[in-house]
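One structure below.
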Amino acid sequence: MKILFLNGPNLNLLGTRQPEVYGPTTLPMIEASVRQRAAVLGVEVEFLQSNFEGQLVTWIQEARGQFDAIALNAAAYTHTSIALRDAISAVELPVIELHLSNIHARESFRHTSVIAPVCRGQISGFGVGSYILALEAAVIVKQLA
Ligand code: CA2
């Protein structure tokens, strides 16, 4: 089983700026935690980040036939990107939406996710744990399919 983790804009700054909002953990540290859990589950993982909407769209398109599921932290594009929503609709893979913070407990503009209706489900608010839970969710979705 292969799971693609995609990370959107500014997540490369994790752990280096605004630790009071997003915590002290860097994206490479999150990737290491995901890989550790994936090894226990016997799952292969690819972990990518881009600040560019079109790059994320391309990676979602290319995942078809290569991966079993996508775990996506679309960051700010969650709230704006119809392009990402269309790519998710078209990919014919389960996409798990994930967020470090609880987007529903933050500013009102973060309460709307334009990708949520086309994702299999949403995990939000568990910090680094959201990534681990998204991995577990992807495995469960695949096993129950
Ligand atoms: O909670 C999440 O995971 C978010 O997807 C993070 C996004 C935010 O726009 C979403 O509403 C919720 C922001 C990621 C930016 O991360 C930064 C890290 C350090 C410094 C500045 C931004």
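The values are calculated or read from the model by the stated rules, or taken from the named source; none is laboratory data. This one's a predicted model, so the numbers in the text were calculated from it and none came from an experiment. As a convention, Cβ positions derive from the backbone with ideal geometry for all residues, glycine included, and neighbour counts pool all protein chains shown. Only protein heavy atoms, including side chains, enter the accessible area calculation; ligands, DNA and RNA are left aside. Shrake-Rupley method; radii C 1.70, N 1.55, O 1.52, S 1.80 Å.
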Working from the pairwise distances between different alpha carbons, so that the mean of 1/r is found and then inverted, what is the chain's Kirkwood radius in Å? 15.0
Under the definition of Cα pairs under 8 Å and six or more residues apart, what whole-number percent is the relative contact order of region 2-144? 27
Assuming 0.36 nm per residue, please report the length gained on full extension of the stretch Ala90 to Thr58 beyond their Cα-Cα distance. 10.3 nm
When the helices in the chain are scored as -39500 (n - 2.57) per DSSP H run of 4 or longer and the sum is shared across all residues, what 222 nm value do you end up with, to the nearest 500 deg cm²/dmol? -12000 deg cm²/dmol
Over region 76-145, what percent of the accessible surface lies on carbon and sulfur atoms, probe 1.4 Å? 57
For the chain, what are the DSSP H helices with axial Cα length of 20 Å or more and mean Kyte-Doolittle hydropathy of at least 0.5? 27-41, 128-144
Under the 0.36 nm per residue contour assumption, what length would be gained going from the current alpha-carbon distance of Thr80 and Leu48 to full extension? 9.5 nm
Taking a probe of 1.4 Å, how large is the accessible area per residue of the chain, in Å²? 50
Scan around Ile123 for amide H atoms under 5 Å from its own, H built in the peptide plane at 1.01 Å from N, and keep only partners 5 or more places away or cross-chain. Glu97, Leu98, His99
Taking the mean number of other Cβ atoms within 10 Å as a proxy for protection, how do you rank 52-64, 89-101 from highest to lowest? 89-101, 52-64
